[in-house]
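Undergrad: Can you keep this structure in mind? I'll have questions shortly.
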Amino acid sequence: MKCIACGGGTMTSAREDRPFVDLPDVTLVGVWVHRCSACGEYEVEIPRPAALGRTIALALVEKAGPFEAAEFRFLRKRLDLSAEELARYLAVDKATVSRWENGRSPAPVAVDRVVRGLVRDLEPVPVGVRAAVPRLAGLSVSGPMNLRVRNEEGGWAVAA
């Protein structure tokens with residue numbers, strides 16, 4: 001196979017351990033790397049990238065201790081939420097999310113727990129939750145919720 005960068009070299013393939021681009025502290029073990037013998041250009045082959053992202057995300061939420069800035073940003077992107085959408089959901093300013101993602105200030109423990117819950121339970125965030133973000137962002141604490149639920153054949157449901 002010829003190199004697409006220089007057109008002259010032959011690509012050789014070998015298994016290597018490579019850092020994951022979005023999270024340099026994450027190593028992809030034994031992935032195929034195709035390297036040009038002439039110009040040195042290389043390509044890392046990542047099979048099933050969605051499954052890889054899910055595996056990393058679920059491992060991150062199980063780690064002890066708070067998220068690093070890059071981890072927080074990775075998880076937000078993994079949930080397919082913009083910084084603005086996450087800010088509205090958490091009732092904070094978009095600049096606050098930016099500070100968390102750029103390491104200028106740590107995310108509060110409560111936010112860390114919310115993000116962990118979203119990743120565990122809503123990975124990726126369903127369309128219904130994304131549509132609810134503006135509504136949820138405008139809610140204020142108003143006392144206990146009067147809720148009725150009933151057991152149906154498919155599970156529990158809110159009763160009218």
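Here, each number is a calculation from the coordinates, and none is a lab measurement. These numbers were taken from a predicted model, which means no experiment stands behind them. Every residue, glycine among them, receives a Cβ derived from its backbone with ideal geometry; neighbour counts consider all protein chains shown.
Undergrad: What's the magnitude of the charge dipole for the range 1-47 around its Cα centre, counting Lys and Arg as +1 and Asp and Glu as -1 at the beta-carbon? Answer in Debye, nearest 20.
TA: Dipole about the Cα centre, nearest 20: 240 debye.
Undergrad: Using amide H atoms built in the peptide plane, which far-off residues or other-chain residues are under 5 Å from VAL26 H to H?
TA: PHE20
Undergrad: Based on the Kirkwood radius over alpha-carbon pairs, what value in µm²/s does the Stokes-Einstein equation return for the translational diffusion coefficient of the range 1-68 at 10 °C and 1.306 mPa s?
TA: Result for D is 116 µm²/s.
Undergrad: Please give me, ordered by residue number, the GluC sites (Glu not before Pro) of the range 1-49 that lie in loop per DSSP and have at most 15 other Cβ atoms within 10 Å.
TA: Here the sparse-neighbourhood loop sites are GLU41, GLU45.
Undergrad: Turning to a different aspect of this structure: For the range 87-104, in order, what is each residue's ³J(HN,Hα) by Karplus, 6.51 cos²θ - 1.76 cosθ + 1.60 with θ = phi - 60°, in whole Hz (x at glycine and Pro)?
TA: 4, 4, 4, 8, 6, 10, 6, 4, 5, 5, 4, 4, 5, 5, 6, 9, x, 7
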